[in-house]
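A.B. asks: Here's a structure for you.
The values are calculated or read from the model by the stated rules, or taken from the named source; none is laboratory data. Just so it is clear, the model here is predicted, and its values are computed rather than measured. Please note: Cβ atoms are built from the backbone with ideal geometry, for glycine as well, and neighbour counts cover all protein chains shown. When the accessible area is computed, the model is the full protein with side chains, heavy atoms only, and any ligands, DNA or RNA have been set aside. Shrake-Rupley method; radii C 1.70, N 1.55, O 1.52, S 1.80 Å.
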Amino acid sequence: MCRSLVRSIGALALSALALAATATQSRRNDPDQKEWQQLFNGRDLNDWTIKFAHHDLGDNLNDTFRVENGLLEVRYDKWTTFDGEFGHIFYKQPFSYYVLAAEYRFVGEQIAAAGPSRAWARRNNGLMLHAPDPKTMLKDQDFPISIEVQLLGGLSDGKPRPTANVCTPGTHIVMNGQLHTQHCTNSTAKTYDGDQWVRVEVLVHGDEMVRHMIDGQTVLEYTKPQIGGGNASPTDPKVKVDGTPLTGGYIALQAETAPTDFRKVELLNLEGCTDPKARNYKTYFVTSARSTCRY
């Protein structure tokens, strides 16, 4: 075979490889492909920090938060008393613009030691949004300053008990153009009785808008989350500065006396490179983080 033919075949082979590499790169960087980040990895709690009221940061009281069978579990089988030790587990980094999704179910019964005065906490958990750094919580503080996407399970008594409500520990929101100071407000979601899995999603645009969704349907929406009001105590006055807009913060799950399973906690970050020329450009980004662009 002549050298020119060999060179031609070699050039064609290299060209084919280059085209294949380009196609692979194109698929890898599909700007429409959503890249969900798994906050719960299904194996451990290494990316999370725990805080219980009346206890130091990092103390996983009575092994309440645990991972078993690929689930993030909230359990009270090792508790014999309860004296307001509400718990929260915080993801390691803050976010501002994102979609948060969680798949959860309630299992078993509320810890008996909670007593009749805490019947409101039966089959009750929450996704806490826009919380300050958990290191700023006082040792005895019961709830983080945050916006709570309240997760409720039905009590199988025929009464409506919607999920994906909003509660406001140490915060206020704006609804229908008016400052809304009521602590908890129900959504339009249906009631989920029994131990069935439910997927809730929350669309968050900083302090501009927060939307709660069940099965892809909007069940509640509000704007301008801000520090204010009560229902979080005690708090550091240097942190709880009423009127401060909540433009971002940490995400937490609750331990509020109700055994709960989470099989998925994932986040779609809506903040990133908005330059179409960049390799990591995504069409769904709604706010720019130019420093993240890769060319």
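A.B. asks: What full-extension length gain, to one decimal in nm, is calculated for S291 and D133 as 0.36 nm per residue of separation minus the Cα-Cα distance? Intermediate results must be reported in sequence, preceding the final value.
C.D. replies: Working: separation 158, 0.36 × 158 = 56.88 nm, distance 2.32 nm.
Additional length available on full extension: 54.6 nm.
A.B. asks: For the stretch 288-295, in order, what is each residue's ³J(HN,Hα) by Karplus, 6.51 cos²θ - 1.76 cosθ + 1.60 with θ = phi - 60°, in whole Hz (x at glycine and Pro)?
C.D. replies: After applying 6.51 cos²θ - 1.76 cosθ + 1.60, I find 8, 10, 4, 5, 8, 5, 10, 10 Hz.
A.B. asks: Here's a follow-up. May I have the extent of the alpha carbons of the stretch 59-121 along their three principal axes, as whole Å values ordered from largest to smallest?
C.D. replies: 39, 27, 24
A.B. asks: Right, another one. Compute the relative contact order of the stretch 21-136 as a whole-number percentage, counting only Cα pairs closer than 8 Å that sit 6 or more residues apart in sequence.
C.D. replies: In percent, rounded to a whole number, it is 22.
A.B. asks: Next question. Give me the percent relative contact order of the chain, please, defined on Cα pairs under 8 angstrom at least 6 residues apart. Before the final figure, lay out each step's value.
C.D. replies: Numbers: 709 pairs, mean separation 74.0, N = 295.
Here the relative contact order equals 25 percent.
A.B. asks: Run through every distinct alpha carbon pair of the chain and return the Kirkwood hydrodynamic radius in angstroms, one decimal place. Can you show the working numbers first?
C.D. replies: Working: mean 1/r = 0.0477 Å⁻¹.
When all Cα pairs of the chain are included, the Kirkwood radius is 20.9 Å.
A.B. asks: Any idea what the dipole of the chain comes to, in debye rounded to 20, about its Cα centre with Lys/Arg Cβ at +1 and Asp/Glu Cβ at -1? Please list the in-between numbers first.
C.D. replies: Numbers: 32 positive and 34 negative charges, 273 e Å.
That gives the chain a dipole magnitude of about 1320 debye.
A.B. asks: Which trypsin sites (Lys or Arg not before Pro) does the stretch 100-167 hold that lie in a coil by DSSP with at most 13 other beta carbons within 10 Å? Each step should come with its number before you reach the end.
C.D. replies: Working: sites: R105, R118, R122, R123, K135, K139; in loops: R122, R123, K139.
Passing both the DSSP loop test and the Cβ count: K139.
A.B. asks: Please give the charge dipole size of the stretch 50-140, origin at the Cα centre, charges +1 on K and R Cβ atoms and -1 on D and E Cβ atoms. Round to the nearest 20 debye. List each step's numbers first, then the result.
C.D. replies: On the way: 11 positive and 12 negative charges, 42 e Å.
Dipole magnitude for the stretch 50-140 comes out near 200 debye.
A.B. asks: Working from Cα positions, state the angle (0 to 90°, nearest 10) between the long axis of helix 3-28 and the longest principal axis of the chain.
C.D. replies: Tilt relative to the chain: about 20 degrees.
A.B. asks: Moving to a separate point now. Hey, which lysines would be in cross-link range of K282, C-alpha to C-alpha under 16 Å, not counting anything within fewer than 8 residues on its own chain?
C.D. replies: K34
A.B. asks: Here is the link list: K92/K224; K92/K139; K51/K190; K224/K277; K135/K224. Which ones come out longer than 28 Å on Cα distance?
C.D. replies: Values: K92/K224 24 Å; K92/K139 19 Å; K51/K190 31 Å; K224/K277 33 Å; K135/K224 24 Å.
Violating the 28 Å limit, Cα to Cα: K51/K190; K224/K277.
A.B. asks: So what's the gap between the Cα centers of the stretch 138-204 and the stretch 233-295, to the nearest angstrom?
C.D. replies: For the stretch 138-204 versus the stretch 233-295, the Cα centre distance is 19 Å.
A.B. asks: With a 1.4 Å probe and all protein chains kept in place, how much accessible area does D32 have, in Å² rounded to the nearest 10?
C.D. replies: 100 Å²
A.B. asks: To continue, here is another question. What residue among W48, T188, I145 has its Cα farthest toward the positive end of the dipole of the chain, where the charges are +1 on Lys, Arg and -1 on Asp, Glu, each on the Cβ?
C.D. replies: So the residue we want is W48.
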